[in-house]
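Peer 1: Here it is: the structure, laid out below.
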């Protein structure tokens, strides 16, 4: 059995001294890992604002690296995130940007790379108390927290796609709490973010993917 020292826990159950700089960092990196839906072989973190100034002293680097390895914010393995990444062959790089503006004092850009070269870019904010917000996927601005079961659909912005998504979910009796469409430009790549306060059945992904204009689907369960 693993035990968490009281000296490691402040505020939310977590490893590290800061709910914003450690718990939040681990949570956003874990969300990025779930969105990628496979084991990355390389990851680059770009840190802004207070993350860029205190990342090592507050364990933000360990938390981020632990999150992309699939560790929850209270997982004791975060303490050994560097050693475990080295053992698994995961390549990692931290870029400190003290001049750029990520939109929030606790911002991290996470670029994940798969063995086949496929990449995913995610920007996250740690907004306090261990809570996070994902604000960008690839080049598209989005807005979700991961506090609900969340369905992320990458699609072409064409007529009928949103109706298809909602009909598929209705057939599965999924109650939609929030639904928003984010796009680069009309008719181009878009993301639909659907959040539910109940578990979304995983087999809905196959039905959603049957539409010719649905490019990819991801499901993040609470």
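The values are calculated or read from the model by the stated rules, or taken from the named source; none is laboratory data. None of the values given here were measured: they were computed from a predicted structure. We place every Cβ from the backbone using ideal geometry, glycine too, and count neighbours over all the protein chains shown.
Peer 1: Only helices (runs of 4 or more DSSP H) wholly contained in segment 27-100 count here; list those with 1 or more residues that are touching a strand residue (DSSP E or B) at 6+ places or on another chain (Cβ under 7 Å) and either free of Cβ contacts under 8 Å to residues at least 12 places away in the same chain or under 26 Å from residue 218 (Cα atoms) (or both). I'd like the intermediate steps shown before the answer.
Peer 2: Numbers: elements: 49-54, 60-68, 81-88.
The helices (runs of 4 or more DSSP H) meeting that bar are 60-68, 81-88.
Peer 1: Give segment 209-222 a look and list any residue that's closer than 19 Å to residue 120 by Cβ and buried (at least 17 other Cβ atoms within 10 Å of the Cβ), or say none. Talk me through it step by step, then tell me what you get.
Peer 2: Residues of segment 209-222 that are closer than 19 Å to residue 120 by Cβ, as a first pass: 209, 214-221.
Within segment 209-222, 214, 217, 218, 219, 220 meet the criteria.
Peer 1: So which residues in segment 187-201 are touching a strand residue (DSSP E or B) at 6+ places or on another chain (Cβ under 6 Å) and surrounded by fewer than 17 Cβ atoms within 10 Å (Cβ to Cβ), if there are any at all? Lay out the reasoning, then the answer.
Peer 2: First, the residues of segment 187-201 that are touching a strand residue (DSSP E or B) at 6+ places or on another chain (Cβ under 6 Å): 190-196, 199-200.
Once the filter is applied, which keeps residues that are touching a strand residue (DSSP E or B) at 6+ places or on another chain (Cβ under 6 Å) and surrounded by fewer than 17 Cβ atoms within 10 Å (Cβ to Cβ), segment 187-201 yields only 199.
Peer 1: Here's another thing I want to ask about it. If you go through segment 151-180, how many residues are in contact (Cβ under 8 Å) with a residue 24 or more places away in the chain, more than 17 Å from residue 110 (Cβ to Cβ) and in contact with a helix residue (DSSP H, G or I) (Cβ under 9 Å, 6 or more places away or on another chain)?
Peer 2: Qualifying residue count for the region: 10.
Peer 1: Sticking with this structure for a sec: Go through segment 112-131 residue by residue and tally those that are in contact (Cβ under 8 Å) with a residue 24 or more places away in the chain, surrounded by 18 or more Cβ atoms within 10 Å (Cβ to Cβ) and under 24 Å from residue 41 (Cα atoms).
Peer 2: Summing the residues that are in contact (Cβ under 8 Å) with a residue 24 or more places away in the chain, surrounded by 18 or more Cβ atoms within 10 Å (Cβ to Cβ) and under 24 Å from residue 41 (Cα atoms) in segment 112-131 gives 5.
Peer 1: Okay, moving on. Within the set of pairs 6+ apart or on separate chains, which have a first residue in segment 202-222 that is closer than 11 Å to residue 152 by Cβ, a second that is crowded, with 18+ Cβ neighbours inside 10 Å and at pLDDT below 90, and C-beta atoms under 6 Å apart?
Peer 2: Matching pairs, first to second residue: 220/146.
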